[in-house]
Amino acid sequence: MLLADAIRMHASQNPEKTAIFDDARQISYAELYHGIKLAANTILATEEDFEADELPLVGLLMNNSAVMIEYFLAATKFGMCAAVFDPKWSDANLTEVINECEPRLLVIDVEFKARIPHIPSSTRVITVDTGEPRSLRREEAEPQRSSTEDSLFYMGYTSGTTGRPKGYLRSQRSWIESFAYARETFVHDAGDHVLAPGSLVYSLTLYACIQTLYIGGTFHLTSKFRAEYVLETLATHAVTHLYLVPTMFEALYKAFMASDSVIALPSVRSLITSGDKWSPESKRKVTEVFENAGLYEFYGASELSFVTVLDPEGNRYKPDSIGKPFAGVQVSIREADSTEVTEGAVGQLFVKSPMIFAGYYGSEEETSQVVHGEWATVGDLATRDSEGYLYLVGRKKNMIISGGLNIYPEEIEKLLLTLEGIEEVIVVGVPDVYWGQKVTALIKLRMGSEVSDDEIVSLCRRELATYKCPKEIIRVDAFPYTTSGKISRTKLNELLKIKI
C-alpha cells in the first residue's frame, strides 16, 4: 500500500483517531487526510504541465509542522518527489542547492522567503504560514494522479565528506519495505504513541513520523527540541516509543535530574537511536530515566537505511558491538579484492537489502562509488565475531594517516569515553609538517568534572599503540553539530585549520 493510501485508509476506518499531536493541537486522521488533499490540489493547481516521465521536485523549506507533513505526503500521491531543505543551512547553501536542483515547486515558510532572493525562474512558489491554524471546512476533491511503489518520493540531503549538502533519492518501495522490518524489530503497532523530537529535515525524525502514520499510530510532533517539554509530553501522553540521538538524551537526563517533581515514565517501551555510539555512562543513565524501556541502537546510513541493530539483549551481552544484521538485510565484510575476510579481520562493509537508496541526485558517478550491482557500501570498516555480532572499526572517510600509519579515530574516542568525566570527544587528524596528520583529541567535560591531561595520556598509553595516542588535547565548551545531532567533523576540521 502506498504512503498516502495508508493515511486514506486510516481516515476511512478510524476518522476521529488522533494522528498527530502538533504541540498543543490534535489532528485526527480525517483532518490529516483532508489536509493532504488540500495540499495536493494546491500543488496540482500550479502543475498543469506536469509530465509523467519527469522527476518533478517539490522543495520544502518549512518549520516542523503538520502542514509540512501534509505537503510531503501530498507530493507522494502523484509521483512527485519531496526535496526537504534544511532551514539551518546558510543562505548561500540554500540558494546553491535550490538553484542546482531547480524544483518545479517550492513550498516555503513565510519567515524563510527573504533568505532566498534568487529563485530559479522555472520554480513556482507557494508561501505558507505554518504557525497559523488553517480552516479545513470545505471539502477537497480527491486528486486523480497517482504514483507507484517505484516512484521516487523523497530527496534528503547528506553532507558527505565536503560538508556541502548532497541529495539522495528514495523510492516508496524502499520505505514501505523498511516499515515492515522496523515494525517487527521495534515492536510497533497501531496503538503506539511515538515521539521523535528532532527536526523533520533529519531522516530519523521524518521516518519515525511517516512510519507511525503508515501503521495507524499516533505521532507527537515538536516544533523544536526542548528537553523539559519532551519530558512533559512523555509523562502526559503515555508515549511508548522515543526516537532520539545521544546528545538529546544527555539534555533529557539533565532536565530529568533537575526537575523538582518526581517524573515517572513507565509507558516508554523502546528507545530507538542512531548516530554516534552511546557511552557506557549514558546507557547506565537510561535505566534511571526509563525503567521499562529497552534500548535499540541501529547502525545505518542515508544511502543504506537500516544495516544492523543492537537490541536490548545485545546491549547487555555485547554492548560494544553494532549488533546483528537488521531484518531483511545481508552483510558482507570484504578485502580490497572483494573476497570475504576471515572471522575477526577488518574489511569494508557491504550491504544487500531492499531498503538501499536509488542514487544521488544528478550524479551517476558518485552513485557508482556506493552501489556495486546488488550490493552497496559507504566505505565503513567492520569486523564480525563468531556469534555474528558486528563491530564498526571506523569510517573510511574519518581515517587519519599519521606517520604513514592508518588510525581509526572511533577506537580512540570509545576509549576516552570510558573516563567518567568526559561527556563528548572527537579525534581528528590536524595537518602537520612532520606527521602528515597529527592525532588531536577535542574533549568536552561533564559539568563539574575534572580530567587531567595526565589521566588521558596515561589511559591511552596503557590501552593503545603508541602511534595512536593523541599528540594534542584540546578542551572545548561546545561542539558544532549536524542537523542529525552528531558532532560535525567537517566543521571541526575547518575551525582547526583556521586555528593553525
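Out of 456, 498, 401, I need the residue that is of a type in the set (A, V, I, L, M, F, W, C), modelled with pLDDT of 90 or more and farther than 22 Å from residue 248 by Cα. Which one?
Step by step, each of 456, 498, 401 is checked, and only 456 is of a type in the set (A, V, I, L, M, F, W, C), modelled with pLDDT of 90 or more and farther than 22 Å from residue 248 by Cα.
Scan the strands (runs of 3 or more DSSP E) fully inside the stretch 1-113 and keep the ones with 2 or more residues being out of contact with any Leu (no Cβ under 6 Å at 6 or more places or on another chain), under 26 Å from residue 131 (Cβ atoms) and polar (S, T, N, Q).
Output list reads 25-28.
Filter the stretch 299-324 down to the residues that are at pLDDT below 95, within 18 Å of residue 204 (Cα to Cα), in contact with a Gly (Cβ under 8 Å, 6 or more places away or on another chain) and surrounded by 21 or more Cβ atoms within 10 Å (Cβ to Cβ) and list them by number.
299 - this is the single residue of the stretch 299-324 that is at pLDDT below 95, within 18 Å of residue 204 (Cα to Cα), in contact with a Gly (Cβ under 8 Å, 6 or more places away or on another chain) and surrounded by 21 or more Cβ atoms within 10 Å (Cβ to Cβ).
Only one of 74, 66, 92 is of a type in the set (A, V, I, L, M) and without any contact (Cβ under 8 Å) to a residue 24 or more places away in the chain. Can you tell me which?
The match here is 92.
Return the residues of the stretch 443-491 that are out of contact with any Lys or Arg (no Cβ under 8 Å at 6 or more places or on another chain), among the β-branched types (Val, Ile, Thr) and surrounded by 13 or more Cβ atoms within 10 Å (Cβ to Cβ); say none if nothing qualifies.
451, 456, 457, 473, 474, 482, 487, 490
Quick one: count up the residues across the stretch 114-132 that are touching a helix residue (DSSP H, G or I) at 6+ places or on another chain (Cβ under 7 Å) and either outside the structural domain of residue 40 (by TED's automatic domain parsing) or not in a loop (DSSP other than H, G, I, E, B) (or both).
Residues meeting the conditions: 4.
Just give me the residues in the stretch 223-242 being part of a helix (DSSP H, G or I) and either among the acidic types (Asp, Glu) or touching a Gly at 6+ places or on another chain (Cβ under 7 Å) (or both), in sequence order.
Scanning the stretch 223-242 gives 228, 232.
Condition first: over 23 Å from residue 150 (Cα atoms), charged (D, E, K, R) and in contact (Cβ under 8 Å) with a residue 24 or more places away in the chain. Now tell me which residues in the stretch 1-35 satisfy that.
Those that are over 23 Å from residue 150 (Cα atoms), charged (D, E, K, R) and in contact (Cβ under 8 Å) with a residue 24 or more places away in the chain: 17, 22, 23, 25, 31.
Show the residue pairs meeting these rules: Cβ distance below 7 Å; 6+ apart or different chains; first residue within the stretch 277-298 and farther than 22 Å from residue 416 by Cα; second residue among the aromatic types (Phe, Trp, Tyr) and part of a helix (DSSP H, G or I).
If the second residue must be among the aromatic types (Phe, Trp, Tyr) and part of a helix (DSSP H, G or I), the pairs left are 289/253; 289/256; 296/186.
Right, residue 103: assigned by TED's automatic domain parsing to the domain that holds residue 153 and at pLDDT 90 or above or not?
Answer is yes for this residue.
Would you check if there is a residue in the stretch 78-87 being more than 29 Å from residue 197 (Cβ to Cβ), at pLDDT below 90 and either buried (at least 19 other Cβ atoms within 10 Å of the Cβ) or not hydrophobic (A, V, I, L, M, F, W, C) (or both)?
yes
The rows are residues; the columns are (1) buried (at least 21 other Cβ atoms within 10 Å of the Cβ); (2) modelled with pLDDT under 95; (3) under 18 Å from the mean Cα position of the chain (by Cα).
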site: 158; (1), (2), (3): no, yes, yes
site: 163; (1), (2), (3): no, yes, yes
site: 166; (1), (2), (3): no, yes, yes
site: 173; (1), (2), (3): no, no, no
site: 178; (1), (2), (3): yes, no, yes
site: 183; (1), (2), (3): no, yes, yes
site: 188; (1), (2), (3): yes, yes, no
site: 192; (1), (2), (3): yes, no, no
site: 197; (1), (2), (3): yes, yes, yes
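Residue 222 fails exactly one of the following numbered conditions: (1) buried (at least 21 other Cβ atoms within 10 Å of the Cβ); (2) modelled with pLDDT of 90 or more. What is the number of that condition?
If we test residue 222 against (1) buried (at least 21 other Cβ atoms within 10 Å of the Cβ); (2) modelled with pLDDT of 90 or more, just (1) comes out false.
Out of the strands (runs of 3 or more DSSP E) lying entirely within the stretch 385-425, which hold 3 or more residues that are of a type in the set (A, V, I, L, M)?
Those strands (runs of 3 or more DSSP E) span 390-395.
From (1) farther than 19 Å from residue 282 by Cβ; (2) in contact with a strand residue (DSSP E or B) (Cβ under 9 Å, 6 or more places away or on another chain), pick out the condition that doesn't hold for residue 494.
It fails just one condition, (2).
I'm trying to understand the selection: among the residues of the stretch 246-295, which are among the hydroxyl-bearing types (Ser, Thr, Tyr), under 21 Å from residue 409 (Cβ atoms) and in a loop (DSSP other than H, G, I, E, B)?
Result: 274, 279.
What's the number of the condition residue 481 fails, among (1) at pLDDT below 85; (2) in contact with a Phe, Trp or Tyr (Cβ under 8 Å, 6 or more places away or on another chain)?
The single condition residue 481 does not satisfy is (2).
Out of 433, 451, which single residue is in contact with a strand residue (DSSP E or B) (Cβ under 7 Å, 6 or more places away or on another chain) and aliphatic (A, V, I, L, M)?
451
For the stretch 287-341, how many residues are closer than 17 Å to residue 187 by Cα and among the aliphatic types (A, V, I, L, M)?
Going through the stretch 287-341 one residue at a time, the tally reaches 5.
The values are calculated or read from the model by the stated rules, or taken from the named source; none is laboratory data. On a predicted model such as this, the values are computed, not experimentally measured, just so you know. Neighbour counts run over all protein chains shown; Cβ positions are idealised from the backbone, glycine included.
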